[in-house]
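The block underneath contains the structure these notes are about, expressed in structure tokens.
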Amino acid sequence: MTTAGITTARIDLPLCARALGVDEDEAPDVLVHAARRRGWTLPMLLLSLYERDGHVLGSGALDELRRARRRRDNYDRVVAALEATTSARILKGPSLAGHYPPGLLRPVGDLDVVVSGEDELWRAVDAVKDAAPVADVHVSLYGHPERHVLLQLTWPAEDPLLDRHYSVELSTAAFAGGTGPVRVRAELPADPVVTDLLALAEERFQRPYGLKDAVDTAVLGGLSACAAVAGDLVAAAEHWLVAPELLELVEFTAALTDPGCLGDLAAPLRAAAERERARRDAWTPPSAPAGADAMTRALTDARPVGGLLLREPPASRASSLVRAYPGGALLATPVGDYLLVDQQLVTQEQYDEAVRRLPLLDGE
């Protein structure tokens, strides 16, 4: 999938070497192996750079690039199906890849999709299933007091021994935040460039920034569309509570390459970041109500509650619902009925009790 506007950012092998901490004069295999240690998708970018610059690729590298491009194309079909039947928004992924310089392949692992609510969520599930051979559906709840649903739809990669499975994550909220003072923010910015930059900044709640983040940021900073909305970015970062993370992302990128129009935002972002840090320092965590069940306590603490599949849905459902019982809770959805758990291990007794309680969902 392509989008209007190709970046003026310079994306090259020396940039990758700097980001990976490798000498620019090292042999190609050293750089590719360094990329592979940092992330399983990063070699896609490196191999496409070597190909663009005229290096002769061997059979293994060529097949890895072929599989990566096929993966991109398969996700593009999913995106097309979603766009044809829903108003879902795609974060990063294809929208960023369309801005990359010709010939370069943006590393692609999964697809992040935001929908406007549960009605659209289940339509989106159907769209993905129509476009891809979905094998498993994983369900989680998160957010408090407003509760949101996250679905992960997966299916095997072309070469499951070398590549991770395909994964499409559908969420009813834009940004999940973390367990501290930055919690769920449900709405997305209207502008796609602003959305992609805030989504990149949001990644900092999960991990440190790396090569792909710097390249993505430089690509966006080299767009004329980015220059047009640069004045709105500081206000958006403050509104969506990610000014410190966006400042770190811009500074991280600037240390490696030209961040384009984003370089001018460092000073105003520092002021916004200080205000956000002061807000976080003054924040008081919410407390679960007295006598709350385990699910409510977990959601109040900003911990997701996962679903352990008990059975396929016995009848067609249009929405989800939760039914609590002493010591547990069940989640009924159009894609299956689940035991809600906030821990990794479930005892046989917990599972058996959940199965015994399934009649609570019948007729709903």
For segment 244-331, just the Cα atoms, rotate onto the principal axes and tell me the three extents in Å, largest first.
56, 34, 21
Can you list residues from other chains, or at least 5 along the same chain, whose modelled amide H is less than 5 Å from the amide H of LEU310?
ASP337, TYR338, LEU339
Within segment 330-344: backbone nitrogen closer than 12 Å to the ALA324 label point (7 Å, Cα to C-beta)
330
Once the principal axes of the Cα atoms of segment 208-364 are found, what is the range along each, listed largest first in whole angstroms?
61, 35, 27
Spatial separation of Cα centroids for segment 289-364 and segment 164-189, in angstrom:
21
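Could you calculate, for segment 107-157, the ratio of the Cα radius of gyration to the Kirkwood radius, expressed as Rg to Rh?
Numbers: Rg = 12.0 Å, Rh = 12.2 Å.
Computed over Cα atoms, the ratio is 0.99.
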Cα-based Kirkwood hydrodynamic radius, segment 87-210, one decimal, Å
15.7
Specify the angular offset, from 0 to 90 degrees and rounded to the nearest 10, of the alpha carbon long axis of helix 211-221 from the longest principal axis of the alpha carbons in the chain.
70
Measure of compaction for segment 1-45 (Cα Rg per 2.2 N^0.38 Å)
1.33
Using r as the Cβ-Cβ distance of ARG52 and ASP301, and R0 as 56 Å, what FRET efficiency do you calculate, to the nearest 0.05?
0.75
Hey, rough spin-label estimate for THR8 and ALA190, points 7 angstrom out along Cα→Cβ, what's it come to in nanometres?
2.7
Carbon/sulfur accessible area of segment 156-245, % of total, 1.4 Å probe, equals 56
Given a Förster distance of 30 angstrom, what is the FRET efficiency for ALA292 paired with GLU118, based on the Cβ-Cβ distance and rounded to 0.05?
0.80
Find me the longest stretch of the chain that has none of the exposed trypsin sites (Lys or Arg not before Pro), where exposed means in a DSSP loop (not H, G, I, E or B) with at most 14 other Cβ atoms within 10 Å.
165-364
Roughly how tilted is helix 192-202, in degrees to the nearest 10 and between 0 and 90, from the longest Cα axis of the chain?
80
Evaluate the Debye formula for segment 1-105 with equal point scatterers sitting on the alpha carbons, no solvent, and hand back log10 of I(q)/I(0) at q = 0.15, 0.23 Å⁻¹, in q order, two decimals.
-0.70, -1.32
About the Cα centre of segment 213-364, how large is the charge dipole given +1 on each Lys and Arg Cβ and -1 on each Asp and Glu Cβ? Please answer in debye to the nearest 20.
460
Inter-site label distance for GLU83 and TRP283 at 7 Å from Cα along Cβ, in nm:
3.4
What is the local net charge at VAL229, summed over the other residues whose Cβ is closer than 12 Å to its Cβ (Lys, Arg +1; Asp, Glu -1)?
-3
Under Stokes-Einstein, the chain at 20 °C and 1.002 mPa s, with its Kirkwood radius over C-alpha pairs, diffuses with a coefficient in µm²/s of 97
How much accessible area per residue does the chain have, in Å², with a 1.4 Å probe?
46
What is the distance, in nm, between label points placed 7 Å from the Cα along the Cα-to-Cβ direction at ALA271 and at ARG36?
4.9
Stretched fully, the stretch from LEU162 through ALA135 gains (0.36 nm per residue minus C-alpha distance, one decimal, in nm) 7.9 nm
Across all Cα atoms of segment 231-287, Rg and the largest Cα-Cα distance (Dmax), in Å, are 12.5, 45
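The values are calculated or read from the model by the stated rules, or taken from the named source; none is laboratory data. Everything quoted here is computed from the prediction, not taken from an experiment. Every residue, glycine among them, receives a Cβ derived from its backbone with ideal geometry; neighbour counts consider all protein chains shown. Ligands, DNA and RNA are stripped out before the accessible areas are found, and what is left, the full protein with its side chains, is counted by its heavy atoms. Shrake-Rupley method; radii C 1.70, N 1.55, O 1.52, S 1.80 Å.
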